[in-house]
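The values are calculated or read from the model by the stated rules, or taken from the named source; none is laboratory data. Nothing here was measured: the structure is a model prediction, and the numbers come from that model. No Cβ is skipped: glycine too gets one built from the backbone with ideal geometry, and neighbour counts run over all protein chains shown.
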Amino acid sequence: MTYTALSLTLIFVFIPFILSKALHLGLEKDIFIATARSTVQLLAVGYILSFVFEAESAIFMVLMVSLMIVVATLNARKKGRWLRGITWKIALAIIAVELITQGVLLGFHIVPATPQYIIPISGMMIGNAMVISILFLNRFRAELDARADEVELLLSLGGTPKQAIHRQLIDAIKASMIPTIESQKTIGLVQLPGMMSGQIIGGADPIQAVQFQLLIIFALLTCAAVSSTIVGFTSYRTLFNERMQLHH
Amino acid sequence: MSAITFQNVSYAVEDRQLLTNITGSFEQGRITTLVGPSGAGKTTLLKLCNGLLSPTSGTITVQQKPIDTFVPTTLRQTVGMALQAAPMISGTVYDNLCLPKKLQRQTLSIEDAQKWLEDVHLPASLLTQQARDLSGGQRQRVSIARTLVNRSPILLLDEITSALDRTACREIETLIQKINDKYGTTIIWITHNLEQAMTIGHHTWVMMDGQLIEAGPSSLLETTTNEQIQAFVRGEAR
């Protein structure tokens, strides 16, 4: 694609900008910031990836994946400030997802151990683990707010913190996994996934593109289950003190 | 002998002082009613008794043992509590009655569950009914039965008759008196109904603004010389 052609795609930014102004939506500034940020961030990543791929150095690759983990953790923790030590718990979940998925993919030689495969797949797994962690934290908070009397009831009857919060925890884990599972049920019927579309547009064989997409969606299932489970089971204890009382 | 003793107990959350220097005891095997205006700290005091909260200062003893020497789960089985809202877990009435046993990894037989329902004057056929479909009065009775399953020697009741009509209220009062007589259970009962406080309670604590104003035989509500309590009894400070 030429830069002239790319510039012409700004028409797609201009349309919502005009609509926002005409309808007094007040989103012009946000649209401008979103466009500017996505352009700068993606171009920067493009240049960085080019550099990392050419350098063929494991150190740069590890640095890049580490940076992704740090940024994803810092972003997700904003939704979990009400839980003590949540930063490390989210980081642990994301690192676990990364180790499990890359461990299987590289360990069984499913994909080659090169930055061209490791970095994009890591990006998808880490990004998804971040979103799942945020979904879990939002839902867990809502469950606790709505069903605080149930937690108190179970404690008052002699239940342990784990017993008292079990239902809310399981419901939040389940709720955070459902979007991943549901989106996979209609994949290919309603929309073609971004990665697969990108490969096909880039000239790849559709069957080959589908195979890689299947690899990703299967890995995303593990990603969803592992990240919400780890964040959930490591964080619920911080809601209680050593006398098995809910922190107020 | 006292079942629970408070010695200079205070409780604060952040900057809010909810209880101040409470000293007194609840006699074993007796019914003590707890009265006072809303926000007097009555529910907070109950939660301190079964360890859902811990005092900021002062000491509480339960059955002559400092409260913090109990394992929290054992304490809460010893000092049972029926909550004001009578919350139910999703499932049937049987699921709710099983809950205390399930938390101890035990089971409750259908026969035992039926017996607990009969004790609170509910038909055995209710066992298979969904708890969410219960009426306010039925909910409250199931909540009491569920608390009784642990056979706690001390029972805390937080306004358990506030949502009931006069007949249902009277039945619950009779039930609690029966439990007190039959099992020698120590009962601490928060109520807004002063007539109930006097007829049911052997003793009464009057609380206001987080302080214990007066404690003694329930007749104190009629005989007190304390002007604050007199105003409260007249309905001027509820």
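Numbers for the structure displayed
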item	result
Residues satisfying the stated conditions in the stretch A:87-108, i.e. without any contact (Cβ under 8 Å) to a residue 60 or more places away in the chain, buried (at least 19 other Cβ atoms within 10 Å of the Cβ) and polar (S, T, N, Q)	A:Gln102
In the stretch B:123-157, the residues that are of a type in the set (S, T, N, Q), away from chain A (no Cβ under 14 Å) and in a loop (DSSP other than H, G, I, E, B)	B:Gln129, B:Ser135
Residues within the stretch A:156-174 that are more than 14 Å from chain B (Cβ to nearest Cβ) and within 22 Å of B:Arg76 (Cβ to Cβ), tallied	1
Candidate set from the stretch B:61-70 (those that are within 12 Å of another protein chain (Cβ to nearest Cβ) and among the β-branched types (Val, Ile, Thr)); member that is nearest to B:Val13 (Cα to Cα)	B:Ile67
Residue among B:Glu171, B:Glu118 that alone is touching a His at 6+ places or on another chain (Cβ under 7 Å) and part of a helix (DSSP H, G or I)	B:Glu171
Residue within the stretch B:20-36 that is on the phi < 0 side of the Ramachandran plot, aromatic (Phe, Trp, Tyr) and within 11 Å of another protein chain (Cβ to nearest Cβ) present	no
Filter result (touching a residue at least 24 places away in the same chain (Cβ under 8 Å), of a type in the set (D, E, K, R) and not in a loop (DSSP other than H, G, I, E, B)) within the stretch B:197-235	B:Glu222
The stretch B:71-82 - residue that is more than 10 Å from B:Arg146 (Cα to Cα) and either more than 7 Å from every other protein chain (Cβ to nearest Cβ) or touching a strand residue (DSSP E or B) at 6+ places or on another chain (Cβ under 6 Å) (or both) and, of those, surrounded by the most Cβ atoms within 10 Å (Cβ to Cβ)	B:Val79
Filter result (at negative phi and modelled with pLDDT of 85 or more) within the stretch B:153-165	B:Pro153, B:Ile154, B:Leu155, B:Leu156, B:Leu157, B:Asp158, B:Ile160, B:Thr161
Any hit, the stretch B:216-232, residues being of a type in the set (A, V, I, L, M) and closer than 19 Å to B:Leu46 by Cα	no
Top-ranked residue in the stretch A:201-248 [being among the charged types (D, E, K, R) and either under 24 Å from the mean Cα position of the chain (by Cα) or more than 14 Å from chain B (Cβ to nearest Cβ) (or both); ranked as farthest from A:Ala175 (Cα to Cα)]	A:Asp205
All positions within the stretch B:90-110 that are facing chain A (nearest Cβ under 9 Å), surrounded by fewer than 18 Cβ atoms within 10 Å (Cβ to Cβ) and under 18 Å from A:Arg147 (Cα atoms)	B:Ser90
Residue match in the stretch B:40-55 (condition: more than 14 Å from chain A (Cβ to nearest Cβ), in a loop (DSSP other than H, G, I, E, B) and closer than 30 Å to B:Glu173 by Cα)	yes
Residue in the stretch A:144-155 that is in a loop (DSSP other than H, G, I, E, B) and within 14 Å of chain B (Cβ to nearest Cβ) present	yes
Options A:Val151, A:Val226, A:Val190; residue that is surrounded by fewer than 16 Cβ atoms within 10 Å (Cβ to Cβ) and of a type outside the set (D, E, K, R)	A:Val190
Boolean, A:Ser133 is away from every other protein chain (no Cβ under 14 Å), free of Cβ contacts under 8 Å to residues at least 40 places away in the same chain and not in a loop (DSSP other than H, G, I, E, B)	no
Test: residue in the stretch A:206-216 that is assigned to a helix (DSSP H, G or I) and within 23 Å of A:Thr73 (Cα to Cα)	yes
Condition check for B:Val120: away from chain A (no Cβ under 12 Å) and either within 15 Å of the chain's Cα centre (by Cα) or over 23 Å from A:Leu246 (Cα atoms) (or both)	yes
Filtered residue count, the stretch A:154-167, keeping only those that are closer than 18 Å to A:Val231 by Cβ and either among the aliphatic types (A, V, I, L, M) or buried (at least 24 other Cβ atoms within 10 Å of the Cβ) (or both)	1
Filter result (touching a helix residue (DSSP H, G or I) at 6+ places or on another chain (Cβ under 8 Å) and either within 13 Å of another protein chain (Cβ to nearest Cβ) or free of Cβ contacts under 8 Å to residues at least 12 places away in the same chain (or both)) within the stretch B:158-177	B:Asp158
Tally, over the stretch B:171-193, of residues that are under 17 Å from B:Arg141 (Cβ atoms) and surrounded by 14 or more Cβ atoms within 10 Å (Cβ to Cβ)	12
Which listed residue is surrounded by 14 or more Cβ atoms within 10 Å (Cβ to Cβ), among the hydrophobic types (A, V, I, L, M, F, W, C), farther than 30 Å from A:Met64 by Cβ and under 19 Å from the mean Cα position of the chain (by Cα), from A:Phe140, A:Phe136	A:Phe140
Residue that is nearest to the chain's Cα centre (by Cα) [pool: residues in the stretch B:1-19 that are surrounded by 17 or more Cβ atoms within 10 Å (Cβ to Cβ) and among the β-branched types (Val, Ile, Thr)]	B:Ile4
Residues (of a type in the set (A, V, I, L, M) and crowded, with 21+ Cβ neighbours inside 10 Å) located in the stretch A:113-133	A:Ile118, A:Ile121, A:Met125, A:Ile126, A:Ala129, A:Met130, A:Ile132
